[in-house]
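K.L.:
This is the structure I have questions about; it appears just below.
FYI, it's all coordinate maths here, none of it is from the lab. Note that the coordinates shown come from a computational prediction; the quantities given were computed from them, not determined experimentally. Note: ideal-geometry Cβ built from the backbone for every residue, glycine included; neighbour counts use all protein chains shown.
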Amino acid sequence: MTQDATNNSETLRQIAIKATATVKQYFYDTHNQLKAQLTDL
């Protein structure tokens with residue numbers, strides 16, 4: 001039981017790290033797109 005709980009928390013941590021990286025990448029890409037659009041004006 002303890003081992004499962006440890007594995008689950010580790011898995012959740014990995015998912016959280018990936019999700020955070022994905023969100024950061026998304027905002028970074030969006031930010032660059034907006035900057036490019038503003039530069040074109």
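K.L.:
Treating the Cα atoms of the chain as identical point scatterers in vacuum, please give the log10 of the normalised Debye intensity I(q)/I(0) at q = 0.14, 0.22, 0.28 Å⁻¹, two decimals.
P.N.:
-0.49, -0.71, -0.84
K.L.:
Give the calculated FRET efficiency between Phe27 and Thr6 to the nearest 0.05, with a Förster radius of 25 Å applied to their Cβ-Cβ distance. Present the calculation step by step, with values, prior to reporting the outcome.
P.N.:
Values: r = 32 Å, r/R0 = 1.28.
So, using R0 = 25 Å, E works out to roughly 0.20.
K.L.:
So how far apart, in nm, are the two label points at Ile17 and Gln37 if each is 7 Å from Cα heading toward Cβ?
P.N.:
3.4 nm
K.L.:
Apply the Karplus curve 6.51 cos²θ - 1.76 cosθ + 1.60, θ = phi - 60°, to the phi angles in region 29-38 and return the couplings in whole Hz, x for Gly and Pro.
P.N.:
With coefficients 6.51, -1.76 and 1.60, one gets 4, 4, 4, 5, 5, 4, 4, 5, 5, 5 Hz.
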